[in-house]
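Mind looking over this structure? Questions follow.
The values are calculated or read from the model by the stated rules, or taken from the named source; none is laboratory data. Just so it is clear, the model here is predicted, and its values are computed rather than measured. As a convention, Cβ positions derive from the backbone with ideal geometry for all residues, glycine included, and neighbour counts pool all protein chains shown.
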Amino acid sequence: MRPIDRTGFAICLSLVALVLFDSMGLVIKHLSLAYSAAELSAWRNLFGIFPAIVALFLSRQWHRAGRRWRIRQWKLALGRGAVVTVAQLFFYLSLGLMEFATASTITYANALFMTALAVPLLGEQVGWVRWSAVLIGFVGVILVMQPGSDTFTPVALLPLAAAAFYAFVGVSARMMDDDVPSALVNLYASCASLVGASLVALSFGGFTPIQSSTDMAWLISMGGFGGTAVLFLVISYRMTEQSNLAPFSYFGIPLAFLMGWLFFDETPWSTLFPGALLIAVGGLLIIWRERKRSRSTNAALPTEGPR
């Protein structure tokens with residue numbers, strides 16, 4: 001019997017996770033006319049907790065550690081969840097107000113923000129290659145946002161802000177103790193995000209009554225898509241190095257364009273290109289540099305996209 005190609009299987013899982021994340025975004029955009037971003041965030045985290053629990057129980061590291069639920073850095077873990085709440089609110093708002101592919105593409109700037117945040121938060125030395133990659137990526141973001149043009153609106157800042165907050169969540173993951181399973185860190189963040197989004201929703205008029213059983217099915221699907229995507233990413237990250245998976249994350253840009261065209265008849269060619277290509281180039285340059293560094297130092301900057 002031939003041995004399983006773990007890296008190939010991990011890449012397949014990460015690509016399925018991309019499809020699930022974009023499917024979640026489509027549901028959010030579909031429901032945004034009837035429910036607020038805070039409500040959708042709360043429902044997403046509620047139903048997303050179940051896959052997170054599955055991921056935890058699949059974690060051999062957690063079982064070896066005695067199945068402990070409490071972690072030493074619980075304040076940091078819950079704080080990351082609070083930041084996820086803000087990131088989700090901005091991203092979900094942008095999905096309701098912008099073209100699907102445009103909002104999704106701008107959030108790929110999180111890799112650029114992660115490089116910049118690694119300097120003050122982790123004390124990393126960032127060389128000219130990675131700073132050049134950040135510059136190229138931000139030029140791409142500017143081209144997508146088109147500031148100064150007749151088509152520019154401040155709404156375009158929402159996914160950019162979401163990318164910055166998601167980047168903080170990713171970088172701060174490296175501040176957690178090494179013996180804490182990633183699945184447990186994710187579960188803390190999901191629970192904190194659920195509480196945070198619920199409080200925001202209650203502060204701004206409360207929860208809208210579910211209008212139909214169909215809407216409830218969509219809400220469950222939304223949480224299931226997002227939670228399962230995170231589960232697949234956790235599994236794939238444990239099967240191979242993150243640097244082997246990161247380049248494939250940029251397949252999400254054409255995938256978002258395709259889904260936006262199929263489900264909402266959106267074709268923002270003039271908005272996305274060539275800016276989207278520069279965002280991808282900047283991100284891939286960072287990934288290439290990190291992969292080169294990891295071979296010598298056995299340490300790579302993780303990417304986390306808990307949407």
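Pull up region 19-37, narrow it to residues that are surrounded by fewer than 19 Cβ atoms within 10 Å (Cβ to Cβ) and aliphatic (A, V, I, L, M), then point me to the one that is farthest from S203 (Cα to Cα).
Among them, the one singled out is V19.
Let me ask something additional. Confirm whether F90 is at pLDDT 95 or above, closer than 27 Å to S198 by Cα, assigned to a helix (DSSP H, G or I) and touching a helix residue (DSSP H, G or I) at 6+ places or on another chain (Cβ under 6 Å). Break it down into steps so the answer makes sense when it comes.
On the way: at pLDDT 95 or above: yes; closer than 27 Å to S198 by Cα: yes; assigned to a helix (DSSP H, G or I): yes; touching a helix residue (DSSP H, G or I) at 6+ places or on another chain (Cβ under 6 Å): yes.
Spelling it out, F90 is indeed at pLDDT 95 or above, closer than 27 Å to S198 by Cα, assigned to a helix (DSSP H, G or I) and touching a helix residue (DSSP H, G or I) at 6+ places or on another chain (Cβ under 6 Å).
So how many residues does region 1-15 have that are surrounded by 15 or more Cβ atoms within 10 Å (Cβ to Cβ) and not small (G, A, S)?
Here is the first cut: in region 1-15, the ones surrounded by 15 or more Cβ atoms within 10 Å (Cβ to Cβ) are 10-11, 13-15.
Then drop every residue that is not not small (G, A, S), which leaves 11, 13, 15.
Number of matching residues: 3.
Another question, if that's okay. Between a residue in region 206-233 that is more than 20 Å from L56 (Cα to Cα) and any residue that is assigned to a loop (DSSP other than H, G, I, E, B) and β-branched (V, I, T), which pairs come within a Cβ distance under 6 Å, given they are 6 or more apart or on different chains?
M216/I210
Also, I was wondering about something else. For the condition within 26 Å of H30 (Cβ to Cβ) and hydroxyl-bearing (S, T, Y), what is the one hit in S221, S236?
Details: S236 fails: within 26 Å of H30 (Cβ to Cβ).
The unique qualifying residue is S221.
Can you pull out every residue in region 107-160 that is free of Cβ contacts under 8 Å to residues at least 40 places away in the same chain, more than 23 Å from A256 (Cα to Cα) and among the polar types (S, T, N, Q)?
Q125, S149
Residues that are within 30 Å of P209 (Cα to Cα), touching a residue at least 24 places away in the same chain (Cβ under 8 Å), over 21 Å from the mean Cα position of the chain (by Cα) and part of a loop (DSSP other than H, G, I, E, B): does region 70-78 have at least one?
Just the residues of region 70-78 that are within 30 Å of P209 (Cα to Cα), to begin with: 78.
Restricting the remaining residues to those that are touching a residue at least 24 places away in the same chain (Cβ under 8 Å) gives 78.
Still in the list and also over 21 Å from the mean Cα position of the chain (by Cα): none.
The answer is no; no qualifying residue exists.
While we're looking at this one, here's another question. For region 4-12, check the following and say yes or no: at least one residue is closer than 16 Å to V230 by Cβ and outside any loop (DSSP other than H, G, I, E, B).
Initial filter on region 4-12 (closer than 16 Å to V230 by Cβ): 10.
Still in the list and also outside any loop (DSSP other than H, G, I, E, B): 10.
The answer is yes; a qualifying residue exists.
Answer with yes or no whether S32 is hydroxyl-bearing (S, T, Y) and either out of contact with any Leu (no Cβ under 9 Å at 6 or more places or on another chain) or closer than 23 Å to V185 by Cβ (or both).
On the way: hydroxyl-bearing (S, T, Y): yes; either out of contact with any Leu (no Cβ under 9 Å at 6 or more places or on another chain) or closer than 23 Å to V185 by Cβ (or both): no.
Against the criterion (hydroxyl-bearing (S, T, Y) and either out of contact with any Leu (no Cβ under 9 Å at 6 or more places or on another chain) or closer than 23 Å to V185 by Cβ (or both)), S32 does not qualify.
Looking only at region 207-229, decide whether some residue is within 18 Å of G8 (Cβ to Cβ), small (G, A, S) and over 14 Å from the mean Cα position of the chain (by Cα).
We begin by selecting, within region 207-229, every residue within 18 Å of G8 (Cβ to Cβ); these are none.
No, there is no match, as no residue in region 207-229 is within 18 Å of G8 (Cβ to Cβ), small (G, A, S) and over 14 Å from the mean Cα position of the chain (by Cα).
Which of the following residues is in a helix (DSSP H, G or I) and within 22 Å of L95 (Cβ to Cβ): L143, L121?
Details: L121 fails: within 22 Å of L95 (Cβ to Cβ).
None of the others qualify; the one that does is L143.
Spot the failing condition for V180; the list is (1) surrounded by fewer than 23 Cβ atoms within 10 Å (Cβ to Cβ); (2) under 21 Å from the mean Cα position of the chain (by Cα); (3) touching a residue at least 40 places away in the same chain (Cβ under 8 Å); (4) part of a helix (DSSP H, G or I), and only one is missed.
(4)
Name the residue, out of A133, A116, that is within 22 Å of R289 (Cβ to Cβ), in a helix (DSSP H, G or I), in contact with a Leu (Cβ under 6 Å, 6 or more places away or on another chain) and modelled with pLDDT under 90. I'd like the intermediate steps shown before the answer.
Working: A116 fails: in contact with a Leu (Cβ under 6 Å, 6 or more places away or on another chain).
Being within 22 Å of R289 (Cβ to Cβ), in a helix (DSSP H, G or I), in contact with a Leu (Cβ under 6 Å, 6 or more places away or on another chain) and modelled with pLDDT under 90 holds for just one of A133, A116, which is A133.
Still on this structure: Kindly provide the set of residues from region 231-285 that are among the polar types (S, T, N, Q) and either more than 17 Å from V139 (Cα to Cα) or surrounded by 21 or more Cβ atoms within 10 Å (Cβ to Cβ) (or both), ordered by number. Steps first, answer last, please.
Within region 231-285, the first condition is being among the polar types (S, T, N, Q), and the residues that meet it are 236, 240, 242-244, 249, 267, 270-271.
S236, T240, Q242, S243, N244, S249, T267, T271, listed by residue number.
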